[in-house]
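Data block below; observations after.
Every number here is computed from the coordinates shown, using simple stated rules; none is lab data. Keep in mind it's a predicted model, so treat the numbers as computed, not measured. Note: ideal-geometry Cβ built from the backbone for every residue, glycine included; neighbour counts use all protein chains shown.
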Amino acid sequence: MAEFSFDLLGMFFAALLTIMVLSYIIGDNVLFRTATYLFVGVASGYAGSIAYQNVIRPALIDPVIQNGPASIFRPDAIPIFLIPWLLTVVLLLKVSPRLARYGSFPIALLVGVGAAVIVGGGITGTLIPQSYAAADVLSQESIFPSAGEEPFVWLENLIGALILLLATISTLIYFRFAARREITGQAQRSRITAVLAYIGRIFIAITFGVMYAGTLTASMLILTQRFQFLRQVLQLLIGGV
Amino acid sequence: MAEIRCPMCSAANDETAEVCRECGARLTPLVMDPSGQGMGDEETNEALPGESSAGDDWLERIRSGIGGGEPQGAPEDAPGPPEPDASDAPDWLDELPEASSDDDSGPPSGEIPGWMDEFIAAGEEEAGEGEEVPEWLARIRARQASGETPQEAPTDEGWLDRLREEEGVAEEAEEGPVSEGLEGLAPSPEYEEEPKTDPFSTPVDLGPLSDLPGVPGSPDRALRRSEVLRAQAEVEATDEDLPGDAPQTEGEMPHIPALMERGQQERPVVEIDDVSLDSIELPDWLSELKPEMPPPTPEEAEVQDKGPDLAPATLPSWLEAMRPVDSLRPEIEIEPEEVQAVESAGPLAGLRGVLMAEPVVAMPRTSSVISSQLEITERQYAQAELLHRLVEEEEKDVALPASTGRRLPILRWGISVILLLALFLPGSFERLGFPGFSIPDVVPRETAPLIALIEDIPGDKPSLVVFDFAPGYSGELDTVASPLLKHILDRSVPIVTISTHPSGPPLAERLLREVRPDATLINGAQYLHLGYLSGGPTAVQLFAISPRDAILTGFKLPEGLDRASVWQSPLVKDVEWLSDFGAVIVITAGTETARNWAEQTHPWIGETPLIMVLSAGAEPLVRPYFEAANQQVQGILTGLPSALAYQQLSGQDLTVEARWNGFGSMKFAVESILLAGGIYGAATWFLNRRQQGRGDANG
């Protein structure tokens, strides 16, 4: 029997919560709901405390305490201190239904800046590099065998490059929804576009299948880890099996 | 002083004024006024070459007759047109019989202009030639000579008298349909218009156009007028001698509607029947045409009979319903004169109140009539019906399914039991004599380069480890990331942690303690927590540009370090940029987080390698960054097999092997369940199809 400690108590409590969540096997019950409510509450409280300790306090409160309220209006403090304060106060107006519209400005600022950062990063970090990578598949080094390279290795690389190119083009064509309208009013793709789009749909299905398999594998690994943890706790309780 | 009212604006003007002082409209004609003022006779004589002064005398006599016996050459200050009397008819019309009774002899022969004498002489010569006389005229003359006519025709114009009578009948029957055979007898338009217009009005000087034939005021037209007047006088003289006619009082006008005396009642309308039409003496050429006309068919006769029965301006009901009444309704508002716009262009420029050049109906405006029927195609109608049906179905109350009793989740319990057995059985493999699942021999191709990359991390630079996953994924990611972190710590490379999740820093502390459970791992010397990075992708970019501006404090800092001085730690004192780290290792379970770090740090990461430790579900979308020729992710580690291979290749103890049997048995169980489910689904589909085929065969 292990000696009592806070770590051991924490292990018992964690094992108990794990069993309460696994009780969902027999259906929705009080134990499962209690565990989920507890997780949600603890996670929210902890996130709030982390936000205060790591963001609000060092950015908005500590400078006032250390340098005094007059430091807010110093010219060098305006962009890094006064403006964040004003935006925070205006954002708090969202609490009042009557003044909520004034809090839209910081929200708009957040959304606009966030969108600009994501789009810019997507173009420079994903779209252009990945386009170059797709175009580089048919480079001279990929098509022609290098000196001393085994024929099977070269053939494997060549087939892989062609499959990659076909997958890229067909997937992009699948998301091209422009089509000619027939006399009957139905939009009809051309034959080549339809075939390539069908191939692209196959590649997309394969990709989603791989993602689903990966998620299932991750879930099995997590469940295995949880049962190993329960087994360790049980061994601690009964003194080792 | 007499005044003249402007016909345009009704403003009072001096009678001598030529233009209106208000609107500028001309008050007197440019050519000649009716009173003979303006242009004198001399000018008129000059305008009519060849007309002698004698010709003016008889014309002036006629004018004097119109003017009620006023002598010619009335004083120049005589009023122009007489003011309208209380009676509706003008004075000249009342006095017209006097003119016709007094001077009906026309101009004396000696006073006829020379050009007219020549014309008359030419006409007499033509009349004298017997060959030139038409046959019908010769027959009429012969009949008159033989005394067949009931009254004597003193002159050769007796045919004109009969024609006058027939014409009077035709005029009285104007409202009825005129037979085609009588069209030739109908008066010519000129003859019809002569009595309606003022025959004695002063001719208008048209200048050179006066010489053209057919133009009013031309010599030939004047000759015709004189002949007509002469014929009228002869007809009146003949009518007076006729015993059968009603006695005519002096001044009684012939039966010409335009010249009828006021108060005189119209003659009764004479019905035209076939007998009266047939009794008319027609020319031969007209008689020959008559039998050729086919008689109307009964249908045509019916149509002709029905035609006049239609009420005028009667529209069918369907056309009446389509007629946009409001849109065609004239919206004319009579505004005061001061408000009316002044015409700015055209011959009426400067005048107020002129009619609009553009009809009111052509002006664009919004119709107040909105058609209630839309023109839609069948497809649109079908779509509208479908939408209507969907909305109706949404409003319907859905009956609750009949309660069949609480069913036990047998399938869920069965799967749960199988998985629990798969988890607990590996612990008994040794007792059961089962060696367990073998460790895979196939090593992922990215594992060896990753180990080499970790080996190349400089020991004097800290490695940044990003813990961007929720606690729920710690069971997987702790297992996968622990060999890599252990490798780094074994190389004595300091680790600096950060997270964009609030729960990331404690997870980092926990994992590091698991990797190195002994007391050799010192906070602040071998690892340091920068803490929580708030702001998502924006904060990641800000951290990549300037790490010291993005992180203000740390997490669980070692003693001696203030919260505000996390960057004073010896581990990060040389870190100014992201490229100052030895490596950036991102441990994440989401594709979005991995992509944010790859995209936002790409421009500023420099030569520092970016390594991804991923959950198995996020690998497919992150691998392209690793597989590209120009790698944005230099190393990737995902899944338990890769972690086991990493431990094997890096020479670590196989700590993850204990989970391999449980993971293997569960994987085997899940694969068995999926295979069983697939077989069950295929068998069900096959049986259903077979049963359906039998049902179709049985009808």
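Distance from the alpha carbon centroid of the stretch B:383-420 to that of the stretch A:178-220 works out to 29 angstrom. Sorted fewest first by neighbouring Cβ atoms within 10 angstrom, B:T16, B:T500, A:T224 come out as B:T16, B:T500, A:T224. Remark: C-alpha extents of the stretch A:106-149 on the principal axes read 62, 14, 7 Å, sorted largest to smallest. Share of pairwise Cα-Cα distances greater than 19 Å in the stretch B:440-554 is 51 percent (whole percent).
Treating only the Cβ of Lys, Arg, Asp and Glu as charged (+1, +1, -1, -1), what charge dipole size does the stretch B:369-498 show about its Cα centre? Round to the nearest 20 debye.
The dipole of the stretch B:369-498 has a size of about 680 debye.
Charge tally for B:G664 (other residues, Cβ to Cβ under 11 Å; Lys, Arg +1; Asp, Glu -1): 0.
Label reach from B:L420 (point 7 Å along Cα→C-beta): in the stretch A:30-62, amide nitrogens under 20 Å belong to A:30-36.
Once you sort the root eigenvalues of the Cα gyration tensor of the stretch A:68-116 as a ≥ b ≥ c, which label holds: rounded (a/c under 1.5), prolate (a/b larger than b/c) or oblate (the other case)? Verdict is oblate for the stretch A:68-116.
Which helices count as membrane-span-like in chain A under these terms: full DSSP H, at least 18 Å along the axis by C-alpha, Kyte-Doolittle mean of 0.5 or more?
Once both thresholds are applied, what remains is A:6-22, A:30-51, A:104-122, A:151-174, A:191-238.
Annotation: the residues B:D653, B:D397, sorted from fewest to most other C-beta atoms within 10 Å of their own C-beta, follow the order B:D397, B:D653.
Note on chain A: Cα convex hull, mean projected area over all directions, 29.8 nm².
If R0 is taken as 35 Å, the Cβ-Cβ distance between A:L162 and B:L649 corresponds to a FRET efficiency of 0.65. A Förster radius of 45 Å, combined with the Cβ-Cβ distance separating B:A525 from A:A100, puts the computed FRET efficiency at roughly 0.35. For the stretch B:458-549, relative contact order (Cα pairs under 8 Å, six or more residues apart, normalised by length) works out to 32 percent.
Return the Rg/Rh ratio of the stretch B:473-539 with Cα-based radii and a Kirkwood Rh.
We get a ratio of 0.98 for the stretch B:473-539.
Per residue, the convex hull spanned by the alpha carbons of the stretch A:92-215 comes to 240 Å³. Taking 0.36 nm per residue of sequence separation and removing the Cα-Cα distance, the A:I56/A:I78 pair yields an extension gain of 6.2 nm. Note on the stretch B:394-471: Cα Rg divided by 2.2 N^0.38 Å, N the number of residues, gives 2.27. At full extension, B:E18 and B:A341 could sit 113.9 nm farther apart than now, given 0.36 nm per residue minus the alpha carbon distance. Cβ-Cβ distance of B:A683 and A:V210, R₀ of 30 Å, FRET efficiency by 1/(1 + (r/R0)^6): the value works out to about 0.65. Using the Cα coordinates of the stretch B:549-699, the gyration tensor eigenvalues translate into equivalent-ellipsoid semi-axes of 50, 21, 16 Å, sorted from longest to shortest.
For the stretch A:14-62, the Kirkwood hydrodynamic radius from C-alpha pairs, put into Stokes-Einstein at 25 °C and a viscosity of 0.890 mPa s, yields a diffusion coefficient of 196 µm² per second. Only helical runs count toward this figure. For chain A, summing -39,500 (n - 2.57) over DSSP H runs of n ≥ 4 and dividing by all residues gives -22000 deg cm²/dmol at 222 nm. Other residues within the sphere of radius under 12 Å centred on the Cβ of B:G459, judged by their own Cβ, net out at -2 (K and R +1, D and E -1).
With the simple model of a label 7 Å out from the Cα in the direction of the Cβ, B:V391 to B:D490 spans 7.1 nm.
The distance linking the stretch B:515-558 with the stretch B:581-641 is 19 Å (Cα centroid to Cα centroid, whole angstrom). Dipole size of the stretch B:541-583 about its Cα centre, with +1 on Lys/Arg Cβ and -1 on Asp/Glu Cβ: approximately 120 debye, rounded to the nearest 20. When B:Y680, A:Y52 are arranged by Cβ crowding within 10 Å, least crowded first, meaning fewest neighbours, the order is B:Y680, A:Y52.
Contact order for the stretch A:148-235, expressed relative to its length and based on alpha carbon pairs under 8 Å spaced 6+ residues apart, stands at 25 percent. Dipole orientation for the stretch A:162-241: of the candidates A:I222, A:T168, A:G239, A:T168 has the Cα lying most toward the positive pole (charges on Cβ; Lys, Arg +1; Asp, Glu -1).
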